[in-house]
Amino acid sequence: MELRQQDVTEPENELLSRVAGGDRDAFERLYQATASRLLGICLRLVPDRGEAEDILQDVYVAAWRKAPQFDPLRSSATVWLGSIARHRAIDRLRASSAQIDQAPIALAETQPDPAPAPAHQAEADSERARLDDCIGRLEPRRRTLIRTAFFDGATYEELATRSGSPLGSVKSWIRRGLQQLRACLEG
Amino acid sequence: MSVDTSNETAAPPPDDDTHAGEYVLGVLDELARRRAQNRIRSDAGFARLVGDWERRFAPWLLRAAPAAPSPRVWQEIRDRLGWRGRDTARDGLWNNVAFWRAAAGLALVAGIAVVAFDRARTPPATTASEQAERPVTVLARGDGTPGWIARIDATRGEVLMMPIPAAVDPSGLVNELWIIPVGGKPQSLGLLSHEKAQTIAVPDALRASFAAGATLAVTLEERAGIPHAAPSSQPIAVGSIRTI
């Protein structure tokens, strides 16, 4: 399943190209093909279903308008749409302070990397395997912070509070972690 | 701000690529996010760096468990884009018996006035006897004015559609002709011109639908996808077939 989503020839790319030309039928089919996945992305960050569905509306209205900007050579339609969804959800998180996750983060130096769920392992594609591999090579503190930031949509300030670490340290751990990650993925 | 963190919070700003990564990771606060988003819009190089990070994190992005949205979401997206309510139309007017009764009445009234009009403009090639063999149906617009005149040739399985000149729909949509059998659902007969007389061949499967009591209707539709499986909006003109 993930493999198909990553495939450059995915049918969503073709649909999105037609949407760029103003094809409403293609837009409806694109919605049908991607809406569940995008709602899942929104719900991961904004658990309230009504709110997540409002964000989903924003995502598709934006997608209709921005479709001509989609470059199939640089991205896939699902990643492009998924990124719009994720950023809209994070924007919503930032605008409302009510949903901030206060759960403490343990930054043990030797914390083991949580193994991916079996279902994901079974269908792991090369991109996923590479990302997990490169994340696994990071120092545990950086790895945990980057994971938490991505999956909880947490800010530097929230990560500092939740981990009980100085803000400047959190920033420099994450920035160095990102640089290492890029070097590993592009290397 | 505690003293022991001041040195590190004053750390130099990250390079562009790392900043793009911070943005995609989602660690920036509201103000910094807005600045980054403005920069994405104005700086193509920075936008590319962001796109690269989105691709790097894509396996995590697509890991979220899918959840089916409620039907209202698609309807509201359409409303916000200013599109006609396809589903509303399907469930509403098309299945509304009272509407069809009223429309048939309108067509009847318009028919009386327009048959005379049509005779005055009989195409020269058509003889009076041929005309008499072919019943005429007027497709009336919502305001009662005639929109098209349909002449049905049951033997050949053809419908000659003659438009009455009228203002063109500004939305860029086109006319699609439908036959609605008695007690049945609309079936498309394809694209319909608003400016030229046109002979439409009736597919064999639909010929039986051309019977007394059936309805011809015109809707505004997207050009792409014609013939559509079902109309997306309310008819702009309708007429009831009285005799064949």
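Nothing in this text is a laboratory measurement; each read-out follows from the coordinates by a stated rule. Note that the structure is predicted; figures quoted are calculated from it, not measured. Cβ: placed from backbone, ideal geometry, glycine included. Neighbour counts: every protein chain shown.
For segment A:118-186, the relative contact order comes to 39 percent (Cα pairs under 8 Å, sequence separation of at least 6).
Taking each residue as 0.36 nm, the span from B:Asp17 to B:Gln75 lengthens on full extension beyond its C-alpha to C-alpha distance by 16.9 nm. I'd like the mean, over residues of A:57-67, of how many other protein chain beta carbons sit within 10 Å of each residue's own Cβ. Partner-chain Cβ atoms within 10 Å, mean over residues of A:57-67: 3. Based on Cα contacts under 8 Å between residues 6+ apart, segment A:5-101 shows a relative contact order of 36 percent.
Note on A:Ser36 and A:Gln179: the extension gain reaches 48.2 nm, defined as 0.36 nm multiplied by sequence separation minus the Cα-Cα distance. With a 10 Å cut-off around each Cβ of A:35-44, the average count of Cβ atoms from other chains is 6. Approximating the spin labels as points 7 Å out from Cα along Cα→Cβ, the B:Lys185-to-B:Asp204 distance works out to 2.3 nm.
In a reduced charge model with +1 at each Lys and Arg Cβ and -1 at each Asp and Glu Cβ, segment A:5-101 shows a dipole moment near 200 debye about its Cα centre.
Peptides B:214-220, B:201-207 ranked from most to least packed, by the mean per-residue count of other Cβ atoms within 10 Å: B:214-220, B:201-207. Taking the Cα of B:Ala229, stepping 7 Å toward and past its beta carbon, and measuring to each backbone N in segment B:169-183: which are under 16 Å? Hits in segment B:169-183 for B:Ala229 at 16 Å: none. Shielding value for B:232-239 is 0, the average number of Cβ atoms from other chains within 10 Å of each residue's Cβ.
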